[in-house]
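This report refers to the structure that appears directly beneath it.
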Amino acid sequence: MMEENIFNYQKEEEPVELESFQGEKRKLIQPTSLKDPKLEKLKEALVDWINKTLKPEHIVVQSLEEDVYDGLVLHHLLSRLADVHLNVEEIALTSTAQIRKLEIIMEELGKRLGTQDSSQIKWNVKLIHNKDLLATLHLLVAMVRCFQPELDLPSDVKIEVVVVEVSKSGIKSDVQVEILTEGSSDTDSLSNTEREDPIEQLLKLEAHKVNTVKKALVHFVNQHISSLGLQVIDMDKQFADGVILLLLIGQLEGFFIPLFDFNLTPLHNVTLALDLLKDTGFQLSNVDPQDIVSLDTTATLKVLYALFNKHKGK
């Protein structure tokens, strides 16, 4: 009977204690779903996203279950993606300290993710701290959708789960399909494209609207480079040699870029600037260094908009 074998779905090193969730419902991933190639690709995509985002902090994640549960990774992701700096321990060693840290992080994430309705939340402090893979996946996917919706996660990832409810009268169980990422359709693809390339959509509007955005971006740039004695007047031309772009990135991201890294060759400077942005987790779609050197307005706007979108609160 399923009731007799249900707890074999858990890893052997993590036996399930019935008393630990009596009266609650638990979702356990079916072993066959754990081997699903789509699920593996989603896990790989999330690990890659975390590692690229946290590369400046020299944090490397290998396992979502083993490396996310204590709050360290979530704390740094929140800091990098939302510029939120919480007053929590950097490294929480005890279980009590980890849970306390997670509670603070989850409360802040709830505000950012718009998940105040507890009935709609598929994760909580207890599940994350217990290294629940399903809850961890739901949380990370929600963070990607909120903070970096342009990131291309594998679509239509579904897995089978066993929903288990333990009570004094026995165990009830049911097999359900859990959706981790939505399937794509033509309509969805269009909306995704719009989200991924807001600048391309902007350039289809009237010229005065485009100019308004350009002025806003130039104002943003000048706010951050004026202390260097620099000013941008012509956005279309002054970024082509990469020098101001490198200095702007240094100011915003806290980099010190040695003078010997600058080059008389514009392509070298712009390539270095885009590499720095990619290393710090920026997702720039269809931007080639040569486009910026060639005074391509779309490419320049994409880079400046990405910087503005992350640092506009400063």
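Rounded to the nearest 10 Å², what accessible area does Ser227 have for a 1.4 Å probe in the complete protein model?
Accessible area, nearest 10 Å²: 90 Å².
Let me know the shape class of segment 198-249, please: from the alpha-carbon gyration tensor, a ≥ b ≥ c as square roots of the eigenvalues, rounded when a/c is under 1.5, otherwise prolate if a/b is greater than b/c, or oblate.
prolate
In sequence order, what are the phi-derived ³J(HN,Hα) couplings for segment 130-136 according to the Karplus relation 6.51 cos²θ - 1.76 cosθ + 1.60 with θ = phi - 60°, rounded to whole Hz, with x for glycine and proline?
So the J values, rounded to whole Hz, are 7, 6, 6, 4, 4, 5, 4.
Can you classify segment 262-314 as rounded, prolate or oblate using the Cα gyration tensor, where a ≥ b ≥ c are the square roots of its eigenvalues, rounded means a/c under 1.5, and otherwise it's prolate if a/b beats b/c and oblate if not? Don't skip to the end; give the middle numbers.
Working: a/c = 1.89, a/b = 1.46, b/c = 1.30.
Note, shape of segment 262-314 comes out prolate.
Quick check on packing: order 122-130, 208-216 by the mean number of other C-beta atoms within 10 Å, highest mean leading.
Ranked by mean Cβ neighbours within 10 Å, highest first: 122-130, 208-216.
Which shape class applies to segment 27-113: rounded if a/c is under 1.5, otherwise prolate when a/b exceeds b/c and oblate if not, where a ≥ b ≥ c are the square roots of the Cα gyration tensor eigenvalues?
prolate
What list of ³J(HN,Hα) values in whole Hz, one per residue of segment 93-105 in order, does the Karplus curve 6.51 cos²θ - 1.76 cosθ + 1.60 (θ = phi - 60°) give from phi, with Gly and Pro shown as x?
Rounded to whole hertz, the list is 8, 8, 4, 4, 5, 5, 5, 4, 5, 4, 4, 5, 5.
Near the amide H of Thr181, under 5 Å away, which other amide H atoms are found, from residues 5 or more places off or on another chain, if H is placed in the peptide plane?
Asp156, Val157
As a test of reading the structure, rank Phe256, Phe308, Phe220 by solvent-accessible area (1.4 Å probe, protein chains only), most first.
These residues rank, largest area first, as Phe256, Phe308, Phe220.
From the cross-link list Lys25/Lys131; Lys101/Lys131; Lys55/Lys204; Lys214/Lys278, which pairs have alpha carbons spaced over 27 Å apart?
Lys55/Lys204
Taking a probe of 1.4 Å, how large is the accessible area per residue of segment 197-314, in Å²?
Result: 52 Å² per residue.
The values are calculated or read from the model by the stated rules, or taken from the named source; none is laboratory data. Every value quoted in this text rests on a predicted model; they were computed, and no experiment measured them. Positions of Cβ are backbone-derived with ideal geometry, glycine not excepted, and every protein chain shown enters the neighbour counts. Calculation scope for accessible area: heavy atoms of the full protein, side chains included, ligands and nucleic acids excluded. Shrake-Rupley method; radii C 1.70, N 1.55, O 1.52, S 1.80 Å.
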